[in-house]
1. If we scan region 121-141, do we find a residue that is surrounded by fewer than 17 Cβ atoms within 10 Å (Cβ to Cβ) and on the phi > 0 side of the Ramachandran plot?
2. Can you say whether residue 194 is within 20 Å of the chain's Cα centre (by Cα), farther than 30 Å from residue 102 by Cβ, surrounded by fewer than 12 Cβ atoms within 10 Å (Cβ to Cβ) and at pLDDT 90 or above, as far as the supplied structure shows?
3. Across region 110-140, what is the total count of residues that are under 18 Å from residue 47 (Cα atoms) and more than 14 Å from the chain's Cα centre (by Cα)?
4. Considering only region 215-225, I want to know if a residue exists there that is outside any helix (DSSP H, G or I), at pLDDT below 95, within 19 Å of residue 98 (Cα to Cα) and in contact with a strand residue (DSSP E or B) (Cβ under 9 Å, 6 or more places away or on another chain).
5. Of the numbered conditions (1) more than 21 Å from the chain's Cα centre (by Cα); (2) touching a residue at least 12 places away in the same chain (Cβ under 8 Å); (3) surrounded by 10 or more Cβ atoms within 10 Å (Cβ to Cβ); (4) under 30 Å from residue 61 (Cα atoms), residue 219 fails exactly one; give the number of that condition.
6. Of (1) in a strand (DSSP E or B); (2) touching a helix residue (DSSP H, G or I) at 6+ places or on another chain (Cβ under 9 Å); (3) closer than 21 Å to residue 43 by Cα, residue 185 satisfies all except one. Which?
């Protein structure tokens with residue numbers, strides 16, 4: 001089974017800046033890390049490979065610094081990686097991003113399964129996986145808590161929808177987004193990190209793909225950010241409790257009762 005896992009590098013801290021004109025996040029020169037939900041997608045892919053054989057390929061779109069995140073993914077067990085990096089991709093929204101990923105997956109070829117994390121923690125849209133499935137005209141399942149290979153042509157997916165669960169069967173090739181509850185991502189051992197540096201990592205620009213230039217970058221992004229702002233910081237006065245345990249407990253109970261919490 002050939003599995004492509006699409007991953008994203010997200011800000012490594014909350015100290016981020018935005019372009020004053022486009023209001024998009026400025027990613028150049030920004031310290032980043034792998035989107036946490038994507039770690040679960042990689043773990044799911046590696047476990048499937050361990051069951052049925054094949055290979056796990058990572059795919060990401062971003063600046064050159066994203067290579068570090070791709071090496072992290074290969075240290076988790078992926079076999080190879082592709083980076084889509086070009087100034088032409090700058091400012092892409094989820095629709096433009098999904099289109100570029102779609103074209104890259106077509107170029108990789110012979111893909112049986114495409115996995116995504118549930119969503120990215122910097123935008124929280126959860127849109128790119130379904131967009132890629134639509135672009136490729138493939139069956140899809142979101143919020144996967146468990147993926148089980150049925151045979152060479154099918155997988156069974158347990159979807160955790162919160163209040164209910166749903167079991168669906170997908171015909172391959174297919175697209176699946178993975179919940180954090182699906183697994184516990186494996187630890188990157190020193191040996192695996194060293195081995196990741198020898199695994200193939202290929203960079204493609206917009207010139208390496210067959211793209212409609214009207215569908216990429218800022219020009220191909222219909223999403224418009226009207227305003228970006230930081231929420232007001234709420235300040236609250238702290239009231240210390242007595243140091244003596246019994247007095248502290250009584251004071252805390254009095255506070256909770258006064259607020260109607262007890």
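The values are calculated or read from the model by the stated rules, or taken from the named source; none is laboratory data. Remember, predicted model here, so these are calculated numbers, not experimental data. Every residue, glycine among them, receives a Cβ derived from its backbone with ideal geometry; neighbour counts consider all protein chains shown.
1. Scanning region 121-141 turns up at least one residue that is surrounded by fewer than 17 Cβ atoms within 10 Å (Cβ to Cβ) and on the phi > 0 side of the Ramachandran plot.
2. Spelling it out, it is not the case that residue 194 is within 20 Å of the chain's Cα centre (by Cα), farther than 30 Å from residue 102 by Cβ, surrounded by fewer than 12 Cβ atoms within 10 Å (Cβ to Cβ) and at pLDDT 90 or above.
3. Looking only at that region, the number is 3.
4. yes
5. With (1) more than 21 Å from the chain's Cα centre (by Cα); (2) touching a residue at least 12 places away in the same chain (Cβ under 8 Å); (3) surrounded by 10 or more Cβ atoms within 10 Å (Cβ to Cβ); (4) under 30 Å from residue 61 (Cα atoms) applied to residue 219, the lone miss is (2).
6. The failed condition is (1).
Listed here are the residues, each with its yes/no results for (1) closer than 20 Å to residue 110 by Cβ; (2) surrounded by 11 or more Cβ atoms within 10 Å (Cβ to Cβ).
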residue	(1), (2)
172	yes, yes
178	no, yes
184	no, no
198	no, no
201	yes, yes
206	no, yes
